[in-house]
Structure formats: C-alpha cells, structure tokens
Amino acid sequence: MSARVVLLGPPGAGKGTQAALIAERMSVAHVASGDLFRKHLSEGTELGALAKTYMDKGELVPDDVTIRMALERMAEPDARAGCVLDGFPRTMEQAKALDAALEEQGERIASAPLIEVEPEELVRRLAGRWICRSCQTPYHEAFSPPRTAGLCDACGGGLYQRDDDKPEVVRARLETYERQTAPLIAYYEAQGKLRRVNGQRSVEQVTADLEAAIGA
Ligand code: AP5
Ligand code: MG
C-alpha cells in the first residue's frame, strides 16, 4: 500500500472530502495545510494572523512558513508512517522542498492523484459549502447535506461558511491555482506519479477511483 500521497486538485475539487476518507481507509494521517492555517487562526496565533491576510485575498501564504508548518505536521507521530497531503505542496518550491525532506529520511511520495472538475462546477460547490467548526468535515447544502441542518454528522459541531468562499475570493483562488499550482501536474507527471481521476461523480465513486489509482 502507498503510504505517502499528494492529493492534487483545484479549490472545491473535493480534496478535503476525499483525503479524510482515504486517510482513514489507509490508516494514515490526513494533513491539510488549509485546515492547519485555519486552526492557527482560531487559536489566535501570529501565523494564523499572517495566513489570514493572504487567504482573504485568495493568494498563497509564503513558501517558507508554509513548508515549515507542513513538514512539522508530517513529523508528528501519527503521520510518520504515512499521510494523505491535502493542499500541500502548492508551488514548485514547496514540491521540491517536500521531496528533499523525504529523501533525507529515505522516503518518497508514492503517488499524486489529481481530482479533475470543471470550473463552473467548482464555483457551485464552493458557494454551497458548509464546514464543521470542530473537525473541519465539509458538507454541501445541495450535494451532501448534513443529517441535521447546521450540525456535523461526524462530531455534532456547528457548521459555518468560509470567508474565502465568497464569489470574488473564489475567482482569485482559481486564478492562483492555475498560475502557481497547476505546474505541479507536469512535475508529478514527469516523476510517473500523476493519476488523473474524474471528480465529477458521486463522492463514493471518486473515492473508489482514487483508491484504484493509488493502489490502496
Ligand atoms: P485550502 O483550505 O486548501 O482550500 P482549497 O485548496 O482552495 O480547497 P478547498 O478546501 O476550497 O476545496 P477542497 O478541494 O478541499 O474541496 P471540499 O472537499 O471541501 O486553502 C485555503 C487557503 O489557505 C489558500 O487559498 C491559501 O491562502 C492557504 N493555503 C493552504 N495551503 C497552502 C499552501 N500549501 N501554500 C500556500 N498557501 C496555502 O469540497 C468542496 C465542496 O464540494 C463541499 O461542499 C463538498 O461537500 C462538495 N463535494 C465534494 N465532493 C463532491 C462530489 N463528488 N460531488 C458533489 N459535491 C462534492
Ligand atoms: Mg479543503
């Protein structure tokens, strides 16, 4: 089984939804850079305040702080045997830093599945998304509503809408993705690790396709 997976895809493709399911099946950690920044923000740390200035504009948080935060999270006990990376790496510099850090440990990324979804569908998904304040599970008011309105099925936490899911910020996030993150597709393709998966199917079908793609 592949222990370290980079889940690629544009904002709203379903990375968070799928990473949680796949990490559980693989018994590895789900490491989500966006969730880590939002945790810092809710705890009122300096890093959280810095990250917010970029997130609110749909821009990327600088590489140095992002790389440090992600690698520290990957070094925690639950992630040492493996992880599903969701939202990291997102620039060429981050991808190279990740490969270098793993190589030092005699480790490597096993595969990099890309969840592909049309831009119009991404906008629909982000506009209707609600997230659990406690465990970060994403829901959609039409496509995957919680059993009880406003409450998380998994932990009972309250649901909220992200500030950066406003239409103007979504547009900026999609542009940032094309400019800074899409080049990673060629990077992982050149390493023979890219696996393309159609993200415009049911959550269950996408999970099955991802598992087949990564050999989990
Ligand atoms: P981040 O939190 O990573 O956001 P993102 O990449 O924009 O992706 P999203 O979380 O919006 O979408 P997702 O793919 O996880 O989709 P989800 O599963 O929720 O990053 C936020 C910000 O933090 C960035 O803009 C940046 O500023 C900063 N940041 C983070 N990482 C960084 C890094 N490495 N470097 C620098 N800065 C960084 O699903 C979306 C919706 O669709 C949900 O409502 C869901 O229920 C629904 N849905 C999911 N699957 C399906 C399906 N199959 N059918 C129908 N609906 C579905
Ligand atoms: Mg996400």
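The values are calculated or read from the model by the stated rules, or taken from the named source; none is laboratory data. Nothing here was measured: the structure is a model prediction, and the numbers come from that model. All Cβ positions, even for glycine, are placed from backbone atoms using ideal geometry, and neighbour counts span all protein chains on display. What goes into the accessible areas is simple: the full protein's heavy atoms, side chains included, and nothing from ligands, DNA or RNA. Shrake-Rupley method; radii C 1.70, N 1.55, O 1.52, S 1.80 Å.
Here are the numbers for the structure shown:
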| read-out | value |
| --- | --- |
| Segment 113-216 - accessible surface per residue (Å², probe 1.4 Å) | 54 |
| ³J(HN,Hα) computed for each position of segment 66-82 - Karplus, 6.51 cos²θ - 1.76 cosθ + 1.60, integer Hz, glycine/proline x | 5, 4, 4, 4, 5, 5, 4, 5, 5, 8, 5, x, 5, 9, 5, 7, x |
| Label-point separation, residue 190 to residue 162 (7 Å along Cα→Cβ), nm | 2.9 |
| Total charge dipole magnitude, segment 155-216, about the Cα centre, Cβ charges on Lys, Arg, Asp, Glu only, Debye to nearest 20 | 120 |
| Selection from 32, 102, 155 lying farthest towards where the dipole of the chain points positive, charges on Cβ | 155 |
| Placed amide H near residue 182: partners under 5 Å, 5+ positions off or other chain | none |
| Computed [θ] at 222 nm, helices only, for the chain once each DSSP H run of length n ≥ 4 contributes -39500 (n - 2.57) | -13500 deg cm²/dmol |
| Charge-dipole axis of the chain as Lys and Arg at +1 and Asp and Glu at -1 on Cβ define it, positive-most pick from 197, 144, 207 | 144 |
| Rounded to the nearest 20 debye, dipole of the chain from Cβ charges on Lys, Arg, Asp, Glu | 280 |
| Rounded if a/c under 1.5, otherwise prolate or oblate - segment 56-137, Cα gyration tensor axes | prolate |
| Accessible surface of the chain, 1.4 Å probe, proportion on carbon and sulfur as whole % | 51 |
| Solvent-accessible ranking of 122, 60, largest area first, probe 1.4 Å | 60, 122 |
| Summed residue charge, Cβ within 13 Å of residue 190's Cβ, Lys/Arg positive, Asp/Glu negative | 0 |
| Cross-link pairs beyond the 21 Å C-alpha cut-off, checked among 96/166; 15/166; 52/166; 39/193; 39/96 | 96/166; 39/193; 39/96 |
| Dipole in debye (nearest 20) - segment 1-112, about Cα centre, beta carbon charges: Lys, Arg +1; Asp, Glu -1 | 320 |
| Cα gyration tensor category, rounded, prolate or oblate, for the chain with a/c compared to 1.5 | rounded |
| Accessible solvent surface per residue of segment 1-84, calculated while the other protein chains remain in place, 1.4 angstrom probe, Å² | 45 |
| Three-way shape call for segment 151-216 based on the alpha-carbon gyration tensor, with the a/c threshold at 1.5 | oblate |
| Centre separation in Å (Cα based) which lies between segment 80-141 and segment 193-216 | 14 |
